[in-house]
Amino acid sequence: MTSTINYEVLFHESPNAYFVTSPAYEILDMNEAFLRMAGRSREELLGMNVFDAFPADPDGANPGQTQAVKDSIDRVFASGKPDVLAVVRYSVPITTVEGAGFRDAYWSASHHPLLDEKGRVVHAFQHAQNVTDLRNSVAQGMPEFDRKGGDALIDTPQGDDQEHLRAGVLRRAELVQSANRMLDIDRQRLMRLFDQSLSFTVFMREPEHVVELANPAYLRLVGETDLRERRYNEAHRIDPPVPIKLLDSVYQTGAPIVEHGLALRVPEGDGDGTRVVYVDVVIQQIVDGKGKVVGVFMQGNDVTTIKAAEDELHLYRTGLEELVIARTRALEKSEEERRNAEAALHRAQRLEAVGKLTGGVAHDFNNVLQIVRGNLQLMQRKFEPDTEPAARIEAALDGVERGAKLAAQLLAFGRRQPLDPIVVDLEAILRRMDDLLHRALGESIAIDTQVIAGLWHALVDVPRLENVILNIAINSRDAMDHTGKLTMRLGHATLDETGAAQREGLRAGEYVTLAISDTGHGMSAEVQRRAFEPFFTTKAEGEGTGLGLSMVHGFVKQSGGDVMLESEEGKGTTITLFLPRSTEPISTVAIAAIDETAAGEGETILVVEDDDAVRATVVDTLTELGYRVLRASDGESALTIIRSGVPIDLLFTDVVMPGPVPSTEMVRLAREILPGMHVLHTSGFTRNAIVHGDRLDAGVNLLSKPYRREELASKLRHLLGDQTSASNPIPATAPSASPRRENAATVAPAADAPEPLAPRRRVLLVEDNPEVRETTVEFIDELGYDVIAVESAEAALAALEADRYDVVFTDISLPGMSGVTLLKRVRATRPQQRFVIASGYGSDFGKHNFGEDVGLLAKPYDLSTLDGVLRRVLGN
C-alpha cells in the first residue's frame with residue numbers, strides 16, 4: 001500500500017521546533033515552530049552557520065555551551081545515531097528597548113541523522129524545547145511556572161501531581177545529561193587510546209571503503225596526514241598498502257582475515273621513493289544493532305624488524321648445511337695456507353741458513369782466492385806470455401775465476417750480495433748486451449727483442465742484471481742444442497693485492513717485466529718444481545754447478561721482484577723477471593768500463609786489512625801499480641796513522657775488521673780528519689756494515705773480493721780521478737756483526753823488516769807454555785828489547801819487586817793467578833805500568849775493560865804484529 005502521508009507538511013506544520021544542518025553547521029531548513037521560537041525570518045536564517053545565527057553569550061556562566069551543541073551534532077554525523085542533550089544551558093541573544101543583549105536559558109534538545117538513498121548521514125535535524133521555566137520552578141520549589149520571562153513550549157498540569165511530574169522529568173533529564181557526560185569522558189579516553197596506540201587502526205564505511213577514522217600510527221605507516229572521508233583505494237599516494245581484495249572479501253563474506261608478515265609498499269620520505277614494510281593485520285566487519293554491515297575495521301602492527309630477524313633466522317637454519325660446508329672449505333683452505341706458510345717458512349729458514357753459511361764461507365774463501373789471484377798476477381808479470389810458466393799461471397787464474405764465480409753465485413742465491421741499483425732503461429741494457437749475447441749464443445741462434453711502447457724505468461743493479469740475462473741466455477742455448485730462437489720481451493705488469501699474494505714475497509705494485517723465451521726441449525713438471533733449488537741441475541757431471549737459476553732467483557728476489565717460470569716439454573721455456581718500477585729519471589751514473597792500462601801516479605794509499613797474506617799481496621800489487629803504500633791491520637792502527645799527519649789520498653779498507661773500531665766508524669772518523677780523502681771498501685762478504693735493505697749505503701764504493709789486478713787499478717784511477725767522490729758522505733751505521741778475528745793488534749806503517757828501538761827497553765814476559773815462551777823471547781829480542789821470561793803471575797810479581805820493566809807482556813790464561821788479576825795487582829801500586837795482554841781466544845778481550853793504554857794481542861801473532869803492539873804501548 002502506497003503511503004499518502006506528506007512528511008514535508010508534517011515537518012513544517014509540527015508544533016515542535018525543528019531545523020536541519022549540514023556537517024559544517026550550515027542551516028539548510030527550518031519549520032514554522034522554530035521560526036516562532038527564534039523570533040526570526042526564514043530568509044534571515046537560511047544558509048547561516050547555527051552558531052553565527054545564535055551566538056552564545058561570551059560572558060555567560062557556561063563557557064562550554066557552544067561546544068556541547070557542536071559535539072552532539074558531530075556525534076550524529078560520526079555514528080549515524082540520534083544524540084540527546086536533556087538540559088543544556090545556552091544563552092540566546094535578545095533585543096529590548098534598552099538595546100541588544102543575552103538572556104540565560106535552558107534547553108532540551110535532540111539531534112537526529114538524515115540518510116541518503118545509500119544509508120549515509122548527509123544531514124542532521126534538531127528538535128529543541130525551552131525548559132527554562134521548568135528548570136527554574138523545580139530549582140526554587142515553586143508550584144507553577146513563571147511565565148513573565150517568555151513563552152514556555154511545554155504545558156504542564158496543575159496541582160501536586162503536576163509538580164511531581166515536572167520534578168521527575170527534570171530529574172530524568174539531569175540523569176540523561178549526566179550519562180551523556182560520562183559517555184563523553186569514556187569517548188575521550190577511547191580517543192586518547194586510539195591516538196596513542198602503537199598499533200595502527202582504521203575504520204572504513206561500507207560498501208565503498210570510505211575512511212572514517214585512521215589513527216596516527218596508521219598515518220605514519222603510510223606517509224599520510226589525513227584520510228577521512230576518502231575512499232581507501234584513492235586516499236594513498238601509491239597503490240593501497242592493503243590489497244582491496246582483502247577488504248572486499250571481509251565485507252562480502254563476513255569472515256575475518258588475519259595476515260602475518262603482509263608486505264606493503266609505502267612512501268619513503270617526501271619524494272617518489274618507496275620502501276617495503278611487513279605488518280600483521282586483522283580485518284573484520286562492523287555491524288550495527290540490527291546486524292547490518294556498516295563498515296570494516298582493520299587493526300595491526302608493523303613487524304618489519306621482527307620479519308628481518310625471522311628471515312635471518314630462517315636463512316641461518318635453512319643454510320646451516322651450506323655454512324658448515326663453507327666453513328669446512330675455509331678450514332681446508334686455512335689448513336692449506338698454513339701448510340704453504342710452513343713450507344715457505346721452512347724454505348726461508350733453509351735459505352737463511354744457506355745464506356749465513358755462504359756468507360761466512362764466502363768471506364774466508366774470497367780472501368783465499370784474493371791471495372792466490374794477487375800472487376799469481378804478480379808472478380805472471382815476471383814471465384813471457386808464451387812460456388810454460390805463464391800458461392800454468394793462466395790456468396790457475398782460470399781456476400780462481402771459477403771459484404770466484406761459484407762464491408758469487410752462492411751469495412746471490414743466499415741474497416747476500418751487495419746491490420747498487422740505479423734507475424735504468426732496460427731496452428738500452430739489452431741493446432748494449434747485443435754483441436755479447438750473439439758471441440755467447442753463436443750464429444745458429446736468432447735473437448728477437450720486443451719492447452712495449454712507453455716502457456717504464458726499472459730500479460736494478462745493472463752489472464748483476466747483465467750477468468743474470470747472460471746466465472739465462474746460456475741455459476737457453478744449451479736447452480736448444482745451440483740451434484733455435486731466443487726471444488726477449490720487455491713489458492709492464494701491475495699487481496694488486498690479490499695478484500701479489502699469489503707470488504711469495506712479492507708486494508702489490510708496478511713492475512717492469514723481462515720475459516726470455518727459448519725454443520728448447522722444455523722442462524718436466526718435476527724439473528720445474530726444483531729448477532730454482534741450489535745445486536740442482538739436469539746437465540751431465542761436470543757441465544754445471546746447479547747454481548745458475550738459483551742465482552737468478554736470489555738476485556731478483558733481493559732486488560724486490562720475482563721470477564716466474566713457464567715451460568712445456570718439447571715447446572720451450574719462458575723465464576719472466578719482475579723488476580720494480582721507478583718513476584724517477586734515468587740515472588746519470590756511468591757504469592765504468594775496466595781500464596786495463598790504469599796505473600798509479602805516486603799517490604799514497606792506506607791499506608787496512610786484517611789478513612796478513614791478503615794485506616801483503618795488496619801492498620805488493622799497489623806498489624807495482626805505482627802507488628806509495630801505508631798499511632794497518634785494524635781500524636785503531638789506521639786511525640793512528642791518519643792522525644799522524646801523513647798525506648793520504650785514498651783509504652782502501654776491508655769491510656769486516658777486527659779490533660774495537662769497526663770499519664764504518666774508522667771511515668767516519670777518518671773523514672773528519674781528512675775530508676778530502678777517497679775511500680774504497682773491499683770484502684768477500686759485506687754482512688750489514690755498508691749494506692742495508694740489500695742496498696749499498698749511499699756514497700759507498702765497493703770492490704768485491706776476489707778482484708783482478710786490472711779491476712783494482714781501474715777502480716782506483718776512477719776514484720782518484722773523480723774530484724767529487726771524496727766529498728760523498730759515509731752514513732753512520734751500526735757496528736758490524738762480530739768480526740772474523742777480533743781485537744787483532746795494530747800495525748803501524750813500517751818497512752817489511754822492522755827496525756830495532758834504541759835505547760833498548762826492558763820487557764817482562766809471563767807465559768806458561770815453554771814453546772810459546774821460547775819463540776816469543778826470540779821475537780822480542782829480534783825487535784831490540786831486553787827480555788826476562790817467567791812462567792807464572794806469582795813469579796812476575798816477585799820479578800817486579802826486584803827490578804823495573806818498561807812493559808809486562810802476559811798471557812791471560814796462566815796457572816794459578818790469571819794475567820788479568822796480575823794486571824790489577826800491579827796497577828794497584830804502579831798505575832803507570834804498561835801492559836800487553838795476549839790470548840788464544842779473541843772473545844776473552846770483550847769480557848774485560850782493559851783501557852786504551854793496554855795492548856791486546858790475539859794468538860797466533862807474527863813479528864810485525866808484535867812490533868806494532870809494543871810500539872803503540874810504549875808510545876813510539
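Here are a few things to note about the model shown:
- Restricting the first member to region 200-227 and to residues that are within 14 Å of Ile283 (Cα to Cα) and touching a residue at least 40 places away in the same chain (Cβ under 8 Å), and the second to residues that are among the polar types (S, T, N, Q) and open to solvent by 10 Å² or more (accessible area, probe 1.4 Å), the beta-carbon pairs closer than 8 Å and six or more apart or on different chains are Phe200/Gln299; Phe200/Asn301; Thr201/Gln299; Val202/Gln299; His209/Asn233.
- The residues on offer are Gly676, Gly699, and the sole one that is at pLDDT 55 or above, within 42 Å of the chain's Cα centre (by Cα) and surrounded by fewer than 19 Cβ atoms within 10 Å (Cβ to Cβ) is Gly699.
- Those helices (runs of 4 or more DSSP H) of region 1-59 in which 2 or more residues are charged (D, E, K, R) and either surrounded by 17 or more Cβ atoms within 10 Å (Cβ to Cβ) or on the phi < 0 side of the Ramachandran plot (or both) occupy 7-13, 32-38, 42-45.
- Of all positions in region 196-219, at least one carries a residue that is of a type in the set (Asp, Glu) and in contact with a helix residue (DSSP H, G or I) (Cβ under 6 Å, 6 or more places away or on another chain).
- In this structure, Val777 does not satisfy being touching a strand residue (DSSP E or B) at 6+ places or on another chain (Cβ under 8 Å), open to solvent by less than 20 Å² (accessible area, probe 1.4 Å), closer than 25 Å to Ser633 by Cα and not in a loop (DSSP other than H, G, I, E, B).
- All positions within region 423-466 that are of a type in the set (Val, Ile, Thr), surrounded by fewer than 17 Cβ atoms within 10 Å (Cβ to Cβ) and under 17 Å from Arg581 (Cβ atoms): Val451, Ile452
- Qualifying residue in region 798-821 (condition: part of a helix (DSSP H, G or I), of a type in the set (Val, Ile, Thr) and surrounded by fewer than 15 Cβ atoms within 10 Å (Cβ to Cβ)): yes
- The condition of being under 39 Å from the mean Cα position of the chain (by Cα), modelled with pLDDT under 85 and outside any helix (DSSP H, G or I) holds for Glu504.
- Within region 98-118, the set of residues being in a loop (DSSP other than H, G, I, E, B) and either open to solvent by 40 Å² or more (accessible area, probe 1.4 Å) or over 20 Å from Glu229 (Cα atoms) (or both) comprises Glu98, Asp104, Ala105, Glu117, Lys118.
- Pairs, first closer than 15 Å to Val763 by Cα in region 807-821, second open to solvent by 20 Å² or more (accessible area, probe 1.4 Å) and not polar (S, T, N, Q), C-beta under 6 Å, six or more apart: Val807/Arg834
- Here Val287 meets the list (1) without any contact (Cβ under 8 Å) to a residue 12 or more places away in the chain; (2) out of contact with any Gly (no Cβ under 9 Å at 6 or more places or on another chain) almost entirely, failing just condition (2).
- Unique residue being without any contact (Cβ under 8 Å) to a residue 40 or more places away in the chain and open to solvent by less than 60 Å² (accessible area, probe 1.4 Å) when the list is Pro241, Pro256: Pro241
- Where a residue in region 709-726 is over 28 Å from Leu369 (Cα atoms) and its partner, wherever it lies, is part of a helix (DSSP H, G or I) and modelled with pLDDT of 75 or more, with Cβ under 9 Å and at least six apart: Ser725/His718; Ser725/Leu719; Ala726/Arg671; Ala726/Leu719
- Tally of residues being within 43 Å of the chain's Cα centre (by Cα) and open to solvent by 10 Å² or more (accessible area, probe 1.4 Å) across region 467-488: 5
- Residue satisfying condition, being farther than 13 Å from Ile516 by Cα and among the polar types (S, T, N, Q), within set Thr449, Thr483, Thr487: Thr483
- Residue within region 613-621 that is touching a Ser or Thr at 6+ places or on another chain (Cβ under 8 Å) and modelled with pLDDT under 85 present: no
- Some residue of region 7-16 being of a type in the set (D, E, K, R) and touching a strand residue (DSSP E or B) at 6+ places or on another chain (Cβ under 8 Å): no
- Complete set of residues in region 822-842 that are of a type in the set (D, E, K, R) and in a strand (DSSP E or B): Arg834
Yes/no matrix, rows are residues, columns are (1) at pLDDT 85 or above; (2) surrounded by 15 or more Cβ atoms within 10 Å (Cβ to Cβ); (3) part of a helix (DSSP H, G or I):
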position: Tyr278; (1), (2), (3): yes, yes, no
position: Gln299; (1), (2), (3): yes, yes, no
position: Ile306; (1), (2), (3): yes, no, yes
position: Leu315; (1), (2), (3): no, no, yes
position: Val324; (1), (2), (3): no, no, yes
position: Ser334; (1), (2), (3): no, no, yes
position: Arg339; (1), (2), (3): no, no, yes
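- Subset of region 607-653 [among the hydroxyl-bearing types (Ser, Thr, Tyr) and either outside any strand (DSSP E or B) or more than 24 Å from Leu863 (Cβ to Cβ) (or both)]: Thr617, Thr621, Thr623, Tyr627, Ser633, Ser637, Thr640, Ser644
The values are calculated or read from the model by the stated rules, or taken from the named source; none is laboratory data. Values in this document were obtained by computation on a predicted structure and should not be read as measured data. FYI the Cβ positions are ideal-geometry reconstructions off the backbone, even for glycines, and counts take in every protein chain you see. With ligands, DNA and RNA removed, areas are computed over all heavy atoms of the protein, side chains included. Shrake-Rupley method; radii C 1.70, N 1.55, O 1.52, S 1.80 Å.
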